[in-house]
1. Mind putting a number on the dipole of the protein assembly as shown about its Cα centre? Charges go on the C-beta only, +1 for Lys and Arg and -1 for Asp and Glu, and I need it in Debye to the nearest 20.
2. Once amide H atoms are placed 1.01 Å from N in the peptide plane, what residues at a sequence separation of 5 or more from residue B:102, or on another chain, have their amide H within under 5 Å of its amide H?
3. Taking the Cα centre of the protein assembly as shown as the origin and placing charges on Cβ (Lys, Arg +1; Asp, Glu -1), which of B:171, B:348, A:162 is farthest toward the positive end of the dipole?
4. So what's the gap between the Cα centers of segment A:37-52 and segment B:306-351, to the nearest angstrom?
5. Quote the relative contact order of segment B:2-82 in percent (integer), defining contacts as alpha-carbon pairs under 8 Å separated by 6+ residues.
6. Using a Gaussian network model of chain A with C-alpha springs under 10 Å, which one of A:245, A:95, A:13 is most mobile by mean-square fluctuation?
7. Please identify the trypsin sites (Lys or Arg not before Pro) of segment A:140-230 that satisfy two criteria: DSSP loop assignment and at most 14 other Cβ atoms within 10 Å. Which are they?
8. Amide H neighbours of residue A:119 under 5 Å, counting only residues 5+ apart in sequence or on other chains, H built in-plane at 1.01 Å?
Amino acid sequence: MSDYNFAYLDEQTKRMIRRAILKALAVPGYQVPFASREMPMPYGWGTGGVQVSAACLVPEDRLKVIDQGADDTTNAVSIRRFFEKTAGVATTTKTTEATLIQTRHRIPEEPLTRDQILVYQVPIPEPLRFLEPRETETRKMHSLEEYGLVHVKLYEDIARHGQIATSYAYPVKVEGRYVMDPSPIPKFDNPKLESEAIQLFGAGREQRIYALPPYCHVVSLDFEDHPFVASKADHACDLCGSNSTYLDEVIVDDAGGRMFVCSDTDYCEGRRAAGHLGRLAAPLGQENAA
Amino acid sequence: MYVAVKGGERAIENAHSWLAEERRGDVAVPELGIAQIREQMALAVNRVMAEGSLYDTDLAALAIKQARGDLIEAVFLIRAYRTTLPRFGASLPVDTGEMRCDRRISATFKDAPGGQVLGPTFDYTHRLLDFKLAADGEVPPAAQAKPQEGPVPHIAGFLNRDGLIQTEAPSDEAPPDLTRDPLEFPANRALRLQALTRGDEGFVLGLAYSTQRGYARNHAFVGELRIGRVAVEMELPELGLAIEIGEVELTECETVNQFAGSKTEPAQFTRGYGLVFGQTERKAISMALVDRALRWRELGEDNLAAPAQDEEFVLSHCDNIQATGFLEHIKLPHYVDFQSELELVRRLRADTEALHEAAE
């Protein structure tokens, strides 16, 4: 692919995106408008994340791409191949080996380090969007720090259901200032938003970039008498036996039989390689033979 | 025993080669050439160029072929290609008053200087399937006349001589560029027109139609609709003068709309404007109606809360590449979020059941 620049975007565009990223890091949680480009994959399929990754990648990087926590989901495969082709960077499925991780809907289980960048794909960056559809209004609300509406929504959840009925894309407050949408990660992942790594959020169609610098203070919104709970399925992983990871529920037969497995496939494989075995797991070598 | 599914990569490759085979169709049927699409599917080519914001008939024809005739997919291919092109400058504004018109009609005047020129139009054809075309598409040559020379003044200009139609304030301000700056509101008229001209034909048509049916009615007359070729000129700093670098076919529509005025301000007609690549008159007329509806504030009209008046609503949703991408992304796996919802609903149900049991 010699017809395209390194990592697809031209250098001017990358510079424009890097400026937006720097501004986003300087004002944590604030949504910075940027002139999102039309990418060769559809809007809504990670164009924001792809542009942020393209602006951050250097030839020495080792890239990991996950969707739903898995490296082998179709769109993760597609985006990884895009950068293999256009940037020629090394890729990996191992969280610990990656220098840049692009993700959709999950934060890896393995704590990230200061040498890593986590790039999120964001569909709707505005945490107030479903309370107020107008951008002109929501920008005003952010500038006035007018977040009462979010608390009213959470309160109404409790009044109706007895508890807060938001299970993913759970809103957070960043450094005591901006309310931010952490992208549609399950709220189980919210505590991991306080991290050593740089976290960048790219929304291509909505033309916004925002960021969490390392060690940034991130609080999930809640009430004193209804504190935030990072919930997950009440099971252990049937493959690696982990009790502390986010689980997918898999239907395994026509009778509705089901099993629970780690959504972070790399973490699960690592545990099995280290000898941990869940309820339904075969040792790793035998599984490959099957 | 459960074996994790690991087929993503191979499945994608196989899907793509199947797609390529389906695109070609029955190999016993001759393959479509780019020139055939360009010449015989010209209106599809025009739509792809207009919504793709790239004037190149061969590339648009290629995109249509590659997209198996799915025009939104073809627009997408053109847009993705367009972003990779270097920009070496901007042309001068084209002068549609110098257009070499294939078609020029006015609904507001019985006749106009130069006459009404129908051109190659579907208007007044009877929409009867022509079964002869299925066997043989050859046609006898159409009658010819000498093309008109010289400038073709705009009909609205005649009205304007008497001050009967509102004058657009001239401006030397560089128009904003939708493809290089993030869309921010409020948008000025140049930006709105830019969004509309590359907006989805169906969406803009629906909005325009809604104004006709009373959602912010602004009763539009087609003051003039013209289709033809204009020269594209560029100033070259090395030469210090403008030279013609090519020509494009355009459809331009100016509507004459209901008048504004009061006891003190003399009554005046107002305008809507549409300008689109290629022969695309349904789109150009729709654009003019929506443009006019969006001008309510500037013309001192009431906000009737109609969709076509709401610039944030119109501009945020008229782009079919954004719309189709976001709509279709719900095909992607969402099982992590669904799992968290599943847990939540189970927990809520357990709470209610416990409550019912306690009551019994």
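Please treat every number below as a calculation from the coordinates, not as lab data. Please read these numbers as outputs of a predicted model, since none were measured by experiment. When we count neighbours, we look across all protein chains shown, and the Cβ atoms used for this are built from the backbone with ideal geometry, even at glycine.
1. Numbers: 70 positive and 98 negative charges, 106 e Å.
I would put it at about 500 debye.
2. Those lying under 5 Å, H to H, from residue B:102 are B:227, B:228, B:229.
3. Farthest towards the positive end: B:171.
4. A separation of 17 Å, based on Cα centres.
5. On the way: 68 pairs, mean separation 20.2, N = 81.
Worked out over segment B:2-82, it gives 25 percent.
6. So, out of A:245, A:95, A:13, the one fluctuating most is A:13.
7. A:177
8. For residue A:119, the qualifying residues are A:101, A:102, A:103, A:200.
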